[in-house]
Amino acid sequence: MERDNRSLEARLDTAGWGVLFVAVGAVLLAPGLPQGAWLMAAGAVMVGVSLVRVAVGLPVVWMTALVGVAALVASAAQMAGFESTEGPLILVALGITVIGLAWYRSDRPVLVASTGRQGR
């Protein structure tokens, strides 16, 4: 059963990437759409994949869902004419945080030799 779920998750994730590329590419090729339309398409696909995961009983990848919602909000703000430097700065900060969390959780090599002592 777990093997079936992993297979379904892998297929869903792969299909989600494909739909993301097709949707964003199609929006970018369509003339006359607002500037934030591609971001709206990307957010809609990410949220859509998260909803499909829920519908088929798979756990939600919260990072995907949150990034999708953020993309929808950002694109709506951009289409409404809001412009700010805070948005890109927030994205950079979030990216650094995600990279830091990945580094912290990984099986990274030890950079400092251990003293052999266990805690304090």
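The values are calculated or read from the model by the stated rules, or taken from the named source; none is laboratory data. Computed from a predicted structure; not experimentally measured. As a convention, Cβ positions derive from the backbone with ideal geometry for all residues, glycine included, and neighbour counts pool all protein chains shown.
Residues being farther than 18 Å from Ser75 by Cα and of a type in the set (S, T, N, Q): count how many of those fall in segment 11-36.
Residues flagged as farther than 18 Å from Ser75 by Cα and of a type in the set (S, T, N, Q) within segment 11-36 amount to 1.
If the Cβ limit is 6 Å and pairs must be 6+ apart or interchain, which residue in segment 60-72 that is within 16 Å of Ala102 (Cα to Cα) pairs with which residue that is modelled with pLDDT of 90 or more and hydrophobic (A, V, I, L, M, F, W, C)?
The qualifying pairs are Thr64/Met46.
Looking at segment 102-116, is at least one residue surrounded by fewer than 16 Cβ atoms within 10 Å (Cβ to Cβ) and modelled with pLDDT of 85 or more?
Checked segment 102-116: no residue is surrounded by fewer than 16 Cβ atoms within 10 Å (Cβ to Cβ) and modelled with pLDDT of 85 or more.
State all residues of segment 73-91 that are farther than 14 Å from Met40 by Cα, without any contact (Cβ under 8 Å) to a residue 12 or more places away in the chain and over 14 Å from the mean Cα position of the chain (by Cα); if no residue qualifies, say none.
Of everything in segment 73-91, those that are farther than 14 Å from Met40 by Cα, without any contact (Cβ under 8 Å) to a residue 12 or more places away in the chain and over 14 Å from the mean Cα position of the chain (by Cα) turn out to be Gly81, Phe82, Glu83, Ser84, Thr85, Glu86, Pro88, Leu89, Ile90.
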